[in-house]
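Engineer: This is the structure I have questions about; it appears just below.
The values are calculated or read from the model by the stated rules, or taken from the named source; none is laboratory data. Everything quoted here is computed from the prediction, not taken from an experiment. Methodologically, a virtual Cβ is constructed for each residue, glycine included, from the backbone with ideal geometry; neighbour enumeration extends over all protein chains shown. The protein model used for the area step is the full one, side chains on, heavy atoms only, and it has no ligands, DNA or RNA in it. Shrake-Rupley method; radii C 1.70, N 1.55, O 1.52, S 1.80 Å.
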Amino acid sequence: MNKAIIVLQREYVTRVRKKSFVIMTLLIPFLFAAFTILPAWLAMQKDDEVRTIGIYDESGIFGGKFEDNEYTHFVHIPKEEYEREKSKLAGSAFYALLYIPADITVSNRAEMFAERQIPMDLKNRVADHLGKTIEAGKKQAIIEQIGIPDLEERLAATRTHIQLATIKVTEKGDAVKSSAEAAMVAGYAAGFIIYMFVFIYGAMVMRGVMEEKTNRIVEVIISSVKPTQLMFGKIVGIGLVGLTQLVFWVVIGSAIVMGVQAFAGGDAMQQTQMAAESGAGQNMAIQVTEAITNLNMPLLLSCFLFYFLCGFLLYSSLMGAVGAAVNNEEETQQFMLPVTVPLIFSIIVLFPAINNPEGPLAFWASMIPFTSPVIMMARVPFGVPTWELILSMLILLLSIWGIIWVAGKIYRTGILMYGKKVNLKEILKWITYRN
């Protein structure tokens, strides 16, 4: 066991000290922040360009009904000016020309001419305004025909929006507010993170074993370390590397979020205060706070850590065995497919499990050890019976013990076998060897 710990320390220290590890650990949170915060920041920046839109309204029903904003200015022009400007758009003073035909209420079609491609937001804004204006005109005609002047107000008063609060009753009978949205986000995020890390770092174990085998380094190492100790040290060492990176990402990501909040604190506080005066912002803040605090965070974090480590041990053992059995990257394809199919299947089942966490598909997928690390984490935020959680963990632990035993048999034989292309039948013989 001491030798396995030495291998573990070597794998961990060597990989953590690599420049690629340091760069990716520091860079990923900032890239993630850039892709999430930067678009919102850019959307808040003011555009200095003011676009003037010339409108020729042949129908005569849209006069004065286009409202300007700080970016767009609408001007109604006569037919002669419209035709003159349309013939020389390259030098026109108008950004675009809008033609509204006389039969727009029947054809529901209009045309906008511009020298450049018209932005989507401008196109949608004009189309929505035309549609709403025509709709309002038709409604007014119906109201006048029926003879009820306040018909539209009466119909608007019948529209009802129901706010449905969800209450979860604990085993002790206590009623606690819950949030299906918060549980869904937490379950999906936890399951997806486990999927990504198991896939990435499991493949890293396979490549590391294969490199040592092809470079003949393993022949020297095996002379002083047992194959099972070498495999154990490599798997756990790389697993700790992944866990270290995840912890750093959480810490750095939290620091970035707090930094952004502090940087934009003035505007955010002002907007929050304005929203609170109307009541909406205060209610939303209370709902979000309750949704987070009512999640069982100690259970979530402990289950995440358990399934993260166990999922990695399960799949990295199999991938390490694959790396020991093959001689090059090409030979890995025939063995990687059956190993990774259950993991890929788990990410496919993730959404159905979130939508119906108590269904048979979610239940059995959270019990099968090859899918339980992802699917059980999708169910935990919604509340899982204690016996189901314990049973899933026991099955997973027993499966890991069996998989490590099988992987050790393959590793012990395949790590020193060169030149021979193996198949599944050959690997089954290695498992049945009595050493």
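Engineer: Return the total of residues in the range 399-423 being touching a residue at least 12 places away in the same chain (Cβ under 8 Å) and part of a helix (DSSP H, G or I).
Structural biologist: The qualifying residues number 13.
Engineer: Between Val241, Val251, which is in contact with a Phe, Trp or Tyr (Cβ under 9 Å, 6 or more places away or on another chain), at pLDDT 80 or above and of a type in the set (Val, Ile, Thr)? Before you say what the answer is, go through the steps one by one.
Structural biologist: Numbers: Val251 fails: in contact with a Phe, Trp or Tyr (Cβ under 9 Å, 6 or more places away or on another chain).
Going through Val241, Val251 in turn, the sole match is Val241.
Engineer: Another question about this same structure. Taking the condition of being over 26 Å from Ala141 (Cα atoms), part of a loop (DSSP other than H, G, I, E, B) and open to solvent by 50 Å² or more (accessible area, probe 1.4 Å), how many residues in the range 51-105 meet it? Full working, then the answer.
Structural biologist: Applying the first criterion (over 26 Å from Ala141 (Cα atoms)) to the range 51-105 yields 51-54, 68-75, 77-97.
Of the ones still in play, those that are also part of a loop (DSSP other than H, G, I, E, B) are 68-71, 77-78, 88, 92-95.
Among the residues that remain, those that are also open to solvent by 50 Å² or more (accessible area, probe 1.4 Å) are: 68-71, 78, 88, 93.
Qualifying residue count, the range 51-105: 7.
Engineer: Since Tyr315 meets every condition but one in (1) surrounded by 13 or more Cβ atoms within 10 Å (Cβ to Cβ); (2) modelled with pLDDT under 85; (3) within 30 Å of Met393 (Cβ to Cβ), which condition does it not meet?
Structural biologist: Every listed condition holds for Tyr315 apart from (2).
Engineer: Within the range 330-378, restricting attention to residues that are outside any loop (DSSP other than H, G, I, E, B) and hydroxyl-bearing (Ser, Thr, Tyr), which residue is surrounded by the fewest Cβ atoms within 10 Å (Cβ to Cβ)?
Structural biologist: Let us first name the residues in the range 330-378 that are outside any loop (DSSP other than H, G, I, E, B), namely 330-355, 360-367, 372-378.
Add one more test, that the residue is hydroxyl-bearing (Ser, Thr, Tyr), and what stays is 332, 340, 346, 366, 372.
On the way: Thr332: 20, Thr340: 17, Ser346: 26, Ser366: 29, Ser372: 25.
Across the range 330-378, the extreme among qualifying residues is Thr340.
Engineer: Restricting to the range 1-35, give me the number of residues that are touching a Leu at 6+ places or on another chain (Cβ under 9 Å) and more than 14 Å from Ile238 (Cβ to Cβ).
Structural biologist: Result for the range 1-35: 1.
Engineer: Here's another thing I want to ask about it. Just to be sure I understand, how many residues within the range 107-133 are over 33 Å from the mean Cα position of the chain (by Cα), among the charged types (D, E, K, R), at pLDDT 85 or above and closer than 21 Å to Phe94 by Cα?
Structural biologist: 1
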